[in-house]
Amino acid sequence: MTAASDSSRADRAGSTSSAGTASTGSTSAAGTVAALGRVHFIGIGGAGMSAIARILLARGVAVSGSDAMESRQLTELAALGARIHVGHDPAVVTGADTVVVSSAIRDSNPELMSAKAAGLRVLHRSSALAVAMTGNTVVAVAGTHGKTTTTAMIAVLLRAVGRDPSFAIGGTVPALGVNAAHGSSGVFVAEADESDGSFLNYRPQIAVVTNAEPDHLDHYGNAEAVYRAFDEFAALLPADGLLIACADDPGALELARKARAGGTRVILYGQGDAADLRLSNTMTSSGVGTVTTVVMPAGTVPEGLRPGGPRELSLVLQVPGVHNARNAVAALAVALELGVEPEAAVAALGTFSGASRRFEAKGEAAGVRVFDDYAHHPTEVAAALAAARAVAGEHRVHVLFQPHLFSRTREFAAGFSQALSRADTVAVLDIYPAREDPIDGVSSELITAGLDRPGGHIADPSVAVQLLAEAAVPGDIILTVGAGDVTQYGPAIVTALLDRATLLERAAQLDRAVLGEGQQDEPGGRRGA
């Protein structure tokens, strides 16, 4: 979905708009999918909204939806039977029983105003998804970073071993072809978005927390409120539920400690000694893959992880980085809890080729590989650059970074500077505002002021593209990074690399021609013979 769409902005981050609170209905108003009646989505084209629409369509629900502009998602939903309207018209909600909104849809939206005036049921997208989950064993994946990839890994794994899960993911997964589907197994795997607190609408049997760090402070106000929200998320588990948390992240580890003290069953994963599923000897190759060993220490393997099975598993992934190895082990823990044999689970994880905008290959030209990543928090940027460094080997890494949100830039400018310093060249675009208005004194220069790398703040994307194309040499990597529309510049960089290579080749041909003529003019040359 393009950056200008209504729904994509909500899918990228939380919102303080009233649509996320006052306009949000409760699942008690529609406890079953059948009770939803005909459903209209305002801003249907984004990852989160389109995922729910796909699932409801597969379950026979009459679906309509609107968005600001045409997109591939709208075309696909129309082909599945949804009635699609481009633009916003209060008349299109006529006949709907339920209207679904994301946090980006403000109360001034004409369709939302029409729905309220007509007394229609209005649900936040998380409440609608919770209704779709009803009757399933729910696996909800939360975390400040890594939840899209981890959710995708779980869905790909379960499909590969013959399970048929329902899933809703905040991005398209090549191995699945879609971002959502209705399955027949009774297991529902969902990405649980913490950005606006809406992940508290779900009722998981298995909860995965990849990490818990301060972010979305425009919604939460302070770090403590973020941690409290994750505590509340873990508290949603039933008595026989399971929390799977990353032992390498201080926030997730503290969450797990408190949950375990309260009687919740917990599995920890990661590289540290506290992990029940521990990564060992993790290596990323220049071929954009990762090899690791998963160790299940004798005597510490929790109930549900088949203690009679192997204590070590070899895991070979197609995606780079220690962070992805951690994500894969979280997916492995889910699979083992659901009764999947360990060997089958690790083999299935080896088929995972990535998710959209998660270190996604955009092309190669002149020996330079171009990747795109959704990272928009300092920890995510650091992880993406660590993966890029591992893939590049002795070669250089060049970054085109677009900060996302003025509030996030204000809070984390120093962290972004530190993370980006791992690159050799850093071009920083203007801040992508999404739903926010500018904040006095907040600009991309807050980030570049702390950098001593070539590049700096470049307002004109075309200039930044040329800078990176000229800086790169064969073997280097160029990475576009951010949650805004920076993704569109990956293909432009590939084109610029091709153009530059063509110009260099023509110049070389001219030099060779001139050199050849000069040699012919020398004594003993062939000219005039």
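Coordinate-derived values only; no laboratory data. A quick note: this is a predicted structure, and the numbers were derived from the prediction, not measured. So basically every Cβ, Gly included, is an ideal-geometry build from the backbone, and we count neighbours across all protein chains shown.
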I want the antiparallel fraction of DSSP beta bridges within the stretch 207-290, as a percent rounded to 5. 15
With the 8 Å Cα cutoff and a minimum separation of six or more residues, the chain has a relative contact order in percent of 11
Per the C-alpha gyration tensor (a ≥ b ≥ c, the square roots of its eigenvalues), the stretch 135-349 is rounded if a/c is under 1.5, else prolate if a/b beats b/c, else oblate; here it's rounded
Per the charge dipole of the stretch 360-505 (beta-carbon charges, Lys/Arg positive, Asp/Glu negative, Cα centre), the residue among Ala471, Ile493, Ala384 reaching farthest to the positive end is Ala384
Among Gly262, Pro214, Gly45 - extreme Cα towards positive end, dipole of the chain, charges at beta-carbon: Gly262
For Ala62, distant residues with modelled amide H under 5 Å away: Val39
So between Ala223 and Thr75, what do we pick up on full extension, going 0.36 nm a residue minus the alpha carbon distance? 49.3 nm
Listed candidates (1) 1.05; (2) 1.30; (3) 1.16 - label of the one calculated as Cα Rg over 2.2 N^0.38 Å: (1)
Where both partners of a DSSP beta bridge lie in the stretch 360-505, what percent of those bridges are antiparallel, to the nearest 5? 20
Could you give the angle, 0 to 90 degrees to the nearest 10, between helix 406-420's Cα long axis and the longest principal axis of the Cα atoms of the chain? 50
Could you work out how far helix 47-58 tilts from the main Cα principal axis of the chain, as a 0 to 90 degree angle to the nearest 10? 50
Rounded to the nearest 5, what is the percent of antiparallel bridges among the DSSP beta bridges in the chain? 25
When the label point is put 7 Å from the Cα of Ile439 along its Cα-to-beta-carbon vector, which residues of the stretch 393-421 have a backbone N closer than 20 Å? 401-420
Would you list, by chain and number, the lysines whose Cα falls below 30 Å from the Cα of Lys362, excluding same-chain residues fewer than 8 positions away? Lys147
Calculate the dipole size of the stretch 48-194 relative to its Cα centre from +1 charges on Lys and Arg beta carbons and -1 charges on Asp and Glu beta carbons; express the result in debye to the nearest 20. 280
Magnitude of the charge dipole, the chain, Cβ model with Lys/Arg +1 and Asp/Glu -1, debye to 20: 1180
Which of the listed residues, Ser198, Leu237, Ile154, is farthest toward the dipole's positive end in the stretch 135-349, when Lys, Arg count +1 and Asp, Glu count -1 at the beta-carbon? Ile154
Starting with the highest mean, order 245-252, 432-439, 327-334, 340-347 by the number of other Cβ atoms within 10 Å, averaged over the residues of each peptide. 327-334, 245-252, 340-347, 432-439
Expected output is a single nm value to one decimal: the length gained when fully extending between Ala261 and Ala58, i.e. 0.36 nm times separation in residues minus the C-alpha distance. What is it? 69.0 nm
Principal-axis tilt of helix 250-261 within the chain, Cα atoms, nearest 10 degrees: 20
